[in-house]
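**Q** Mind having a look at this structure? Questions to follow.
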């Protein structure tokens, strides 16, 4: 499994930096965002280092599918009300112009009462 010794998310996955873990398996790690935009705000990241969505390949399709099917389950477990009354938002920032701050692919999952919603 590849990692980047300078990547903060790789260090979180390796346990070198503490986090509030939401989920972990052999391929994925999920943890709470340290600067949340919503009452529920966590990220799902692959354990192997992928700099951004721009670098994914067709080989990553099963992993991306796993992230997207895991997100609703974790969202409800973390306090989002289930669909259709409740719901959540999934955001993947890609590159500098896309607002990506950490160069490790990460999927934000955000939900809770609606006042936090920005655009």
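**Q** Only one of these conditions is not met by residue 84: (1) on the phi < 0 side of the Ramachandran plot; (2) in contact (Cβ under 8 Å) with a residue 24 or more places away in the chain; (3) part of a loop (DSSP other than H, G, I, E, B). Which number is it?
**A** That leaves (2) as the condition not met.
**Q** Would you confirm whether or not region 31-44 contains a residue that is without any contact (Cβ under 8 Å) to a residue 60 or more places away in the chain and touching a helix residue (DSSP H, G or I) at 6+ places or on another chain (Cβ under 7 Å)?
**A** Yes, the conditions are met somewhere in region 31-44.
Every number in this text was worked out from the coordinates using simple rules, so none of it is lab data. A quick note: this is a predicted structure, and the numbers were derived from the prediction, not measured. Please note: Cβ atoms are built from the backbone with ideal geometry, for glycine as well, and neighbour counts cover all protein chains shown.
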